[in-house]
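J.: Pasting a structure below so you can have a look.
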Amino acid sequence: MIEANFKPDKIYIDSQAAGYPLTEKIQHNTKGIPFEIVGSVHELLEDIRTVKDPVSFGKKNLLLTVQKGEFIKPCPCTPGYIGCNYFIINLDLNCPLDCSYCILQHYLSNPFLTIHVNREDLWAQLDTFLANQKRDGLRIGTGELGDSLALDHLTESSKDLVSYFRKKKNVLFELKTKTINVENILAVEPAENIIVSWSLNAEEMAESEERGAPSIAERLEAAQKLAGKGFRLGFHFDPIILHPGWEKGYKTMIKSLLSSVDPDRIAWISLGTLRFAPHLKPIIRKRFPESRIFYEELIRGRDGKFRYFKPIRFRLYKNIIDCLRREGGGRIPLYFCMESREIWQEVLKKKPRGKEDVERTISLPLGRRA
Amino acid sequence: MKIKDIGIDELELGDERFRISYFFSLDSLIRSIKEVGLVNPPVVTARSGRLLIVAGWKRALACRELSLSPLPVFLLEEADDLKAFRMSFLENLTVRRFSLLEKSEIIRKLVGFGEGEKKIIKTYLPLLAIPPTYDYYTLFMNISSLKPEEKELIHKKNVPLAALQRLVEFTPEDRSPLYPLLLPLGQNKQKDLLEIIQELCLSGGLSVKEILEDGELKTVLLSGNLSPLQKADKVNQLLNKKRFPLLSARQEAFVSAKKKLAWPKDIKISPTPFYEDKKMFIEFSFQSKKDFLKKISALHEAAAIEDFAELFETNEDD
């Protein structure tokens, strides 16, 4: 497991990122770690492509740069499946954890742990973006292209983000993590529209496929601390992985979850079975030769990505949701991540017409649940 | 470079240190030299009193076939092998495209001549239209390590890079029984077959030989009535069944349900790819109203058969 206070081997500072307050804060928080000012990030990225395992190299080295484009983007979801109208904030890219199934291994052309330091631009962009969003229940979060908290001891971003979003009552802001790096959040006051989420898996899968991530028990302990402080929580059972003993594995995880956390503090649980783009397969095979995750019946979905053959997905979802209901989680809003209308209908008996419908299901305020 | 006339036997053909091409036919070149002579002489360089070919192996071999003497050559005065090779490589680059095997040979030679790994990746791979990454460098090095007889087969059948990428991941013992199955297939099927076999091997901890010796597969492979292509196709089907048992069962159930309906032959019915949803598609052509109504009537008749609902039951998930 990586330590909660992960420290990079080296910090590369894009010359354009020098002088920003966040750059200085990170340098202060990483005293003793060598750093280098780089004139051309492009050349740095060209160089890293020549190393034997750029992904592993990138996970140990930090790049501070500026976000030249938009920080906020709609979650792209995947073609042919139902989305949930989520918006993502691309603050930090990549993650020091090393999950075998992680799409970031091939999704990003930049393998470095990357922090965009021009936070002043973020706040301005957020102000403009949110001013244009009139509806209640908009969900936005930072954990799509990186772990929301893995670098939080270096950036202390969570404190600023919680302070910012606390005032935006009609927006649900989510920090999504697998880490136990919650010290900064514990130091701030909770708010009903701030949700801290954990990705959970069967313990056996967490151990074998989520290299460097804390155990499920540790994640739940961290979640429990935040719930105790008054934060709302979210959980993502994603990716659900078919493996020998999966029924027992997911049941144990669900029992641990519901005995650690009051279900009424859980804002939502998302479910998604293993899926990945074809290009990821050789990367997994090379970087995780011991992994057995792609030996099950994975077919090409409507989006061209590998996913389990539908009857397998149906069985996994049905079993896990039944278990959640049996164990006392029947009132927790559930949704599928990147699933088909048929699965929604067959498993949850819901017929979302589109992503707006899904958003309405998830964004129900506490106390107004069916 | 000076041009010089030499006797053909002055060439040291046993030293192939600069050679990158192995599989070619000399016929057209011989015809051309006979007709117009040697327009572009080979490049040679002297080593220990012998003349080695740096560029133009094909031309030199064609001239030897023709016993052309004296043979005009360009004499490259360069004692450093890497520099000599680089010169010939860069010169070649401007006049022709390299095959996958030639590219792999170039990379191997560069390594042999002491060029650094990083420089090869950053400088030479882009020149060879190969993405400049360590993975591609390793892939081409692995291709260059294949046995000559494997390379010849790959050359003859024009095996694509996507399939080679898979192929080199097998051990030499595992590759050997694969070639007869692989080569009759089209390029896409080659890649799919290798992927399925590899996953069956890795998931079951089995060798290729063990997989192919299993029951029905062995019978197909030993059958004397099937052509190489028929064998390869049949093996592909059986391996798919092993690799995707649930999907195969659903496909078989669909075919069987369709058979019970005596489905009209000129109307195609198909489920969505991989049964991702319950929709089905029918497709037919018609050239007149009468023809159209005839097809519709045939569909009505099929739908009236009691077993029609079974088609949909094959696509139930629970």
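J.: Which of the numbered conditions does A:VAL51 fail, given that it passes all the others? Conditions: (1) touching a strand residue (DSSP E or B) at 6+ places or on another chain (Cβ under 6 Å); (2) of a type in the set (Val, Ile, Thr); (3) within 14 Å of chain B (Cβ to nearest Cβ).
T.: (1)
J.: Quickly run through the stretch B:110-127 and pick out the residues that are more than 14 Å from chain A (Cβ to nearest Cβ) and farther than 14 Å from B:SER144 by Cβ.
T.: B:GLY114, B:LEU127
J.: Within the stretch B:287-318, how many residues turn out to be part of a loop (DSSP other than H, G, I, E, B), under 44 Å from the mean Cα position of the chain (by Cα) and surrounded by 13 or more Cβ atoms within 10 Å (Cβ to Cβ)?
T.: Going through the stretch B:287-318 one residue at a time, the tally reaches 3.
J.: All but one of (1) more than 10 Å from chain B (Cβ to nearest Cβ); (2) buried (at least 21 other Cβ atoms within 10 Å of the Cβ); (3) of a type outside the set (A, V, I, L, M) hold for A:ARG307; which doesn't?
T.: (1)
J.: Now for a separate question. Read through the list (1) more than 28 Å from the chain's Cα centre (by Cα); (2) more than 30 Å from A:ARG292 (Cα to Cα), then give the number of the only condition that B:LEU229 fails.
T.: (1)
Residues are listed down the side, and each one gets a yes or a no for (1) among the β-branched types (Val, Ile, Thr); (2) modelled with pLDDT under 95; (3) surrounded by fewer than 19 Cβ atoms within 10 Å (Cβ to Cβ):
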residue	(1), (2), (3)
A:LYS248	no, no, yes
A:LYS255	no, no, yes
A:SER259	no, no, yes
A:PRO263	no, no, yes
A:GLY272	no, no, no
A:PRO278	no, yes, yes
A:PRO282	no, yes, yes
A:ARG285	no, yes, yes
A:SER291	no, no, yes
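J.: Another question, then. Just give me the residues in the stretch A:69-100 being in a loop (DSSP other than H, G, I, E, B), over 20 Å from A:GLY272 (Cβ atoms) and in contact (Cβ under 8 Å) with a residue 24 or more places away in the chain, in sequence order.
T.: Those that are in a loop (DSSP other than H, G, I, E, B), over 20 Å from A:GLY272 (Cβ atoms) and in contact (Cβ under 8 Å) with a residue 24 or more places away in the chain: A:GLU70, A:PHE71, A:ASN90, A:LEU91, A:PRO96.
J.: Still on this structure, I have one more. For the stretch A:1-48, enumerate the residues that are under 27 Å from A:THR177 (Cβ atoms) and within 14 Å of chain B (Cβ to nearest Cβ).
T.: Residues satisfying the conditions are A:LEU45, A:ILE48.
J.: Give the stretch B:205-253 a look and list any residue that's more than 14 Å from chain A (Cβ to nearest Cβ), in contact (Cβ under 8 Å) with a residue 40 or more places away in the chain and closer than 30 Å to B:ASN315 by Cα, or say none.
T.: Residues satisfying the conditions are B:ALA232, B:ASP233, B:VAL235, B:ASN236.
J.: For A:ILE240, state whether it is in contact with a strand residue (DSSP E or B) (Cβ under 7 Å, 6 or more places away or on another chain), touching a residue at least 40 places away in the same chain (Cβ under 8 Å) and of a type outside the set (Gly, Ala, Ser).
T.: The answer is yes for A:ILE240.
J.: Filter the stretch B:255-279 down to the residues that are within 14 Å of chain A (Cβ to nearest Cβ) and loosely packed, with under 14 Cβ neighbours inside 10 Å and list them by number.
T.: B:PRO273, B:LYS279 - these are the residues of the stretch B:255-279 that are within 14 Å of chain A (Cβ to nearest Cβ) and loosely packed, with under 14 Cβ neighbours inside 10 Å.
J.: Take B:ILE196 and tell me if it is assigned to a helix (DSSP H, G or I) and either exposed (fewer than 12 other Cβ atoms within 10 Å of the Cβ) or within 20 Å of the chain's Cα centre (by Cα) (or both).
T.: When the stated conditions are applied, B:ILE196 passes them.
J.: Related question: Taking B:ASP318, is it within 14 Å of another protein chain (Cβ to nearest Cβ), more than 22 Å from B:GLU195 (Cα to Cα) and not basic (Lys, Arg)?
T.: yes
J.: Quick one: in the stretch A:317-329, of everything that is touching a residue at least 12 places away in the same chain (Cβ under 8 Å) and surrounded by fewer than 21 Cβ atoms within 10 Å (Cβ to Cβ), which residue is farthest from the other protein chains (Cβ to nearest Cβ)?
T.: Selected residue: A:GLY328.
J.: For A:PHE314, indicate whether it is within 30 Å of A:SER363 (Cα to Cα), free of Cβ contacts under 8 Å to residues at least 40 places away in the same chain and touching a strand residue (DSSP E or B) at 6+ places or on another chain (Cβ under 7 Å).
T.: The answer is no for A:PHE314.
J.: Take the residues in the stretch A:67-81 that are surrounded by 18 or more Cβ atoms within 10 Å (Cβ to Cβ) and either touching a strand residue (DSSP E or B) at 6+ places or on another chain (Cβ under 6 Å) or within 12 Å of another protein chain (Cβ to nearest Cβ) (or both); name whichever of them is farthest from A:LEU93 (Cα to Cα).
T.: Per the stated criteria, the residue is A:TYR81.
J.: Still on this structure, please answer the following. When you look at A:LYS281, is it closer than 23 Å to A:GLY249 by Cα, within 14 Å of chain B (Cβ to nearest Cβ), in contact (Cβ under 8 Å) with a residue 24 or more places away in the chain and not aliphatic (A, V, I, L, M), yes or no?
T.: Criteria not met by A:LYS281.
The values are calculated or read from the model by the stated rules, or taken from the named source; none is laboratory data. Quantities reported herein were computed from a predicted structural model and do not represent experimental measurements. Using ideal geometry, Cβ is built from the backbone for each residue, glycine included, and neighbour counts are taken over all protein chains shown.
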